[in-house]
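A quick write-up on the structure given underneath.
The values are calculated or read from the model by the stated rules, or taken from the named source; none is laboratory data. It should be emphasised that the depicted structure is a prediction, and the values quoted were computed from it without experimental measurement. Cβ placement follows ideal geometry from the backbone for every residue including glycine, while neighbour counts extend to all protein chains displayed.
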Amino acid sequence: METIWLALGVKMATTAAIVVTACLLVERSGPLIGGVVATLPVSAGPAYAFLAAEHGAGFIAASAPASLASIGASAAFVTVYGALARTQGRAVSTFGALAVWAGMTTMLRTVAPELWTAAAIDVVLFAAAMRIVAAWRRAPLRAGVRSSAWDIPVRAGAAMLLVASVLEAGRVLGPGAAGALALAPVVLTSLAVLLHPRIGGPAAAAVMANTVPGLMGFGMAILALGLTAQPLGAIPSLLLALAISLGWNAGVLLLARVRPR
């Protein structure tokens, strides 16, 4: 029981930190930096670490296909949110994207219960998402954005509440549900809820569009985790997955800096 509450507290705190950081970076540096920060593994990483400590490498390997399904569905989340946010309000855009994520995750867990099948489907989903969102990756921030003393506490509190709701709902449902919920779009949803009214729908859509490359790195990290958890053990496989995700995001930033404008 203590492990469960510790895992919940760490994931709430790390998610709140990354959401607040991403929001601030979006307002100061633009959608690309915010999108890359939003897909850093500081939220999903602790969730998997606690799952490994509590259940072992076999549980981690068994949860990987569901996590890949969740990542693929997150590509659909980003695409649907971006399409809606450009013309619709926060509630319609966010709930529409969440409904698609939930439906896609359930479907993918049914049709792709094996690791390689889920990975192959993710490749198709990410290729489609990259093509669709390409035109949305740059957008001006809404003029007149102002900060107040309540901004950071409200953002952090909203993110932590969302994390607590997701983890409490899924913590006792087995490796499939644990794997799916560990990669649930909690950070993305928090960003959508907080950024949409603040910087405008098109700019929030641009932030989401810039998360797609980072989500691809997440997918490769989870594939590596599923393949190596039992041969290498939980800790080495988690460190390998972390290195893949961090290295991929660093590459995304480097490519953006050197690419001709």
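Would you say M160 is in contact with a helix residue (DSSP H, G or I) (Cβ under 7 Å, 6 or more places away or on another chain), among the aliphatic types (A, V, I, L, M), buried (at least 18 other Cβ atoms within 10 Å of the Cβ) and at pLDDT 80 or above?
Judged against the criteria, M160 is not a match.
Go through the stretch 47-100 and report how many residues are among the small types (G, A, S), more than 28 Å from L225 (Cα to Cα) and either under 16 Å from the mean Cα position of the chain (by Cα) or surrounded by fewer than 24 Cβ atoms within 10 Å (Cβ to Cβ) (or both).
Of the residues in the stretch 47-100, 5 are among the small types (G, A, S), more than 28 Å from L225 (Cα to Cα) and either under 16 Å from the mean Cα position of the chain (by Cα) or surrounded by fewer than 24 Cβ atoms within 10 Å (Cβ to Cβ) (or both).
If you go through the stretch 106-137 one residue at a time, how many are under 16 Å from A62 (Cα atoms) and in contact (Cβ under 8 Å) with a residue 60 or more places away in the chain?
Total meeting the criteria: 3.
Conditions tested, residue by residue: (1) in contact with a Gly (Cβ under 9 Å, 6 or more places away or on another chain); (2) at pLDDT below 90.
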{"position": "L84", "(1), (2)": "yes, no"}
{"position": "G89", "(1), (2)": "yes, yes"}
{"position": "F95", "(1), (2)": "no, no"}
{"position": "G103", "(1), (2)": "no, no"}
{"position": "R109", "(1), (2)": "yes, yes"}
{"position": "A112", "(1), (2)": "yes, yes"}
{"position": "F126", "(1), (2)": "yes, no"}
{"position": "V133", "(1), (2)": "yes, yes"}
